[in-house]
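The next block holds one structure in the form of structure tokens; read it before the comments.
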Amino acid sequence: VSETVRAAGGLVLREGTNGGEILVVHRPAYGDWSYPKGKLEPGEREEEAAVREVEEETGLRCRLNRELATTRYQDARGRPKTVRYWLMTPVAGVLAAANEIDDARFVPVAEARGLLTYERDRELLDLLAT
């Protein structure tokens, strides 16, 4: 039995010129579009990991608003993985892809559904209205 991989991330929202925009990132190693997220470091809490990972991958320092949900799935190595997500607001920094990310962009929430690779990520969009 594999130990569960624990990760955290954020749905980063901002007001755009035509309504809400959400931050999505592209990972070339997987060829996917998702939200910024990553594994916890030893002794790190999920909230800390979420803020750290978003900043490391996008250059944006964010404020946690509320927890949205936890997703559960098998990672690329077949291990069970959980990712806790928070709704976040950018408060500082300049958007720039970094680390395992080659593109990071804000897109209108209505367009994000068509860009996101995974159904579990599209389902998180539905939680923004609640």
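The values are calculated or read from the model by the stated rules, or taken from the named source; none is laboratory data. Just so we're clear, the structure is a prediction, and the values are computed from it rather than from any experiment. For neighbour counting, all protein chains shown are included, and Cβ atoms are generated from backbone atoms with ideal geometry for every residue, glycine included. The area values use the complete protein model at the heavy-atom level, side chains included, leaving out ligands, DNA and RNA. Shrake-Rupley method; radii C 1.70, N 1.55, O 1.52, S 1.80 Å.
Structural remarks
- Filter result (of a type outside the set (Val, Ile, Thr) and assigned to a loop (DSSP other than H, G, I, E, B)) within region 79-113: ARG79, LEU95, ALA96, ALA97, ALA98, ASN99, GLU100, ASP102
- Annotation note: Cβ proximity below 7 Å between a residue of region 99-116 that is farther than 20 Å from GLY38 by Cβ and a residue that is open to solvent by 80 Å² or more (accessible area, probe 1.4 Å) (sequence gap 6+ or interchain) occurs for PRO108/ASN18.
- Any hit, region 109-116, residues being open to solvent by less than 40 Å² (accessible area, probe 1.4 Å) and touching a Ser or Thr at 6+ places or on another chain (Cβ under 9 Å): yes
- Scan of region 81-105 for residues that are within 20 Å of GLY20 (Cβ to Cβ) and open to solvent by less than 30 Å² (accessible area, probe 1.4 Å), ordered by number: TYR85, TRP86, LEU87, MET88, ALA104
- Among the residues of region 25-60, the ones that are among the aliphatic types (A, V, I, L, M) and farther than 13 Å from TYR85 by Cβ come to 4 in all.
- Residue list for region 47-80, filter: of a type in the set (D, E, K, R) and open to solvent by less than 30 Å² (accessible area, probe 1.4 Å): GLU53, GLU57, ASP75
- Checking each residue in region 10-46 for being in contact (Cβ under 8 Å) with a residue 24 or more places away in the chain, within 18 Å of THR89 (Cβ to Cβ) and either assigned to a loop (DSSP other than H, G, I, E, B) or open to solvent by 50 Å² or more (accessible area, probe 1.4 Å) (or both) picks out ARG14, TYR35, PRO36.
- Region 57-78: number of residues that are assigned to a loop (DSSP other than H, G, I, E, B) and either closer than 19 Å to ASP32 by Cα or aromatic (Phe, Trp, Tyr) (or both): 4
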